[in-house]
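Novice: Starting off with a structure, shown below.
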Amino acid sequence: MTKLLNTLMVVAALTGACKIYRETIGNPRHLDLPLTAQYIQGPELVPDRPALVEIWATWCTPCQESIPHLNELKQRYGSRGLQIVGITDESGPTIAAFMRQIPIQYSICSDPENHYARALSVSSLPQAFLVDTQGHIVWHGHPMTVPTDILENLLPNQ
């Protein structure tokens, strides 16, 4: 019985380690830039520059709570080349009305067909994806937990 318990504990630990690896540096997914979604605000993302892409919605309370943090990341890292875009399936007028209440300082796109949410296998909101200069997704998770060490490594030194 002890041997079985030890084996199960090792399997559980390895499963957790694999999940962490996949979610940070071992995720092979790719995101082509520029995006084909409709830009509502801000500049279009360009290839060969790192990007933080967030899938969000105006009705989502955790999404609303992450906006000041993303505004801060834009202010802090935008001059070093970080591009930030929020992608929602909502319409332009809905997004515009929302932004009159909560200011957003980064690019916003409308993707009514949810192409990006489906392609990125988003199952909950908000979800953020750090994309390197080659378009590889190097991390994904909640936008409030963007790891600054990975982000710093993507950006040129000042």
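We did not get these values from a lab; they are worked out from the coordinates using the rules stated. As the structure is a prediction and not an experimental result, all values here were calculated from the model. In this analysis, Cβ positions are derived from the backbone assuming ideal geometry, glycine residues included, and neighbour counts consider all displayed protein chains.
Novice: Within the range 46-150, report the GluC sites (Glu not before Pro) that DSSP leaves as loop and that have at most 13 other Cβ atoms within 10 Å.
Specialist: For GluC sites (Glu not before Pro) across the range 46-150 that sit outside H, G, I, E and B with at most 13 neighbouring Cβ atoms in 10 Å, the list reads 113.
Novice: Within the range 56-115, which trypsin sites (Lys or Arg not before Pro) sit in a loop by DSSP and count at most 14 neighbouring Cβ atoms inside 10 Å?
Specialist: none
Novice: Each residue of the range 140-153 in order: what ³J(HN,Hα) in whole Hz does its phi give by Karplus 6.51 cos²θ - 1.76 cosθ + 1.60, θ = phi - 60°, with x for Gly and Pro?
Specialist: Karplus values, whole Hz, x for Gly and Pro: 8, x, 6, x, 6, 10, 4, x, 5, 5, 5, 4, 4, 5.
Novice: Further question: Cut-off is 10 Å between beta-carbons; in what order do 145, 94 appear when sorted fewest neighbours first?
Specialist: Details: 145 10, 94 16.
Lowest to highest Cβ neighbour count: 145, 94.
Novice: Another question, then. Amide H of residue 40 versus every other amide H placed in the peptide plane: which residues, excluding those fewer than 5 positions away on the same chain, fall under 5 Å?
Specialist: Under 5 Å from the amide H of residue 40 lie the amide H atoms of 108, 109, 110, each far enough along the sequence or on another chain.
Novice: Compute the projected area of the convex hull of the Cα atoms of the range 29-154, averaged over all viewing directions, and report it in nm² to one decimal place.
Specialist: 6.6 nm²
Novice: Among 130, 151, which comes first, then next, by fewest other beta-carbon atoms within 10 Å?
Specialist: Fewest-to-most Cβ neighbours within 10 Å comes out as 151, 130.
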